[in-house]
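First the structure, in the form of structure tokens, and then the observations on it.
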């Protein structure tokens, strides 16, 4: 028996001190954890890294009238939630990462003028939510006009500014050696070379999955002849999947 029914939790945001955050148990259920509360062990094990993406907001829950041990629940910002997805090793981790990006982008762009909130379960939660809503309503318009800070490596993985990156720049974003990344992509059949060819080609299944694109450019040389350049490009979805693939905990599976 699980703590919560699997697959029944939507990714909802709760504004805390003016910043939208996601409750740990909601994320765990969406990821398909057999016991959602076990995500807190994963969070605790990675607190040092999570705090690099801003302070990991924690709320101490005391035992209620029916007893039970006190617990600490966590509210994750966008980068923290994506990081936990990468560490979760669940089958749908990549899809959930993309869903997180969409949920936060919609909230920050104002497309979701009335974001979905978790229903408060205690008076303490209700009072905190009311205070946070009041603060958020006052700051929302100002926040939408503020230029976002330069994204760090994890944020670039989720939303590269150019939409796609060549293999060299993808390797830099993922903080790996370009030659090592190309060897990994070739070994996992993301890319290949045609017989006698010099250029890498994106595998058809990876093109269909939307993780790679293949670009062909024709230029005219000084002597009037045409020269064809072929280039494999990695999409935002591809970068996210590669980040999970390159994580040691995933064993390098593509």
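Observations
- Likely footprinting exposure, 200, 190, fewest C-beta neighbours within 10 Å first: 200, 190
- Cβ-based exposure ranking for 56, 85, in which fewest neighbours within 10 Å come first: 56, 85
- Of 22, 98, the sequence from fewest to most neighbouring Cβ atoms within 10 angstrom is 98, 22.
We did not get these values from a lab; they are worked out from the coordinates using the rules stated. Just so it is clear, the structure is predicted and the values come from calculations on it, not from any experiment. Note that each Cβ is placed from the backbone with ideal geometry, even for glycine, and that neighbours are counted across all protein chains shown.
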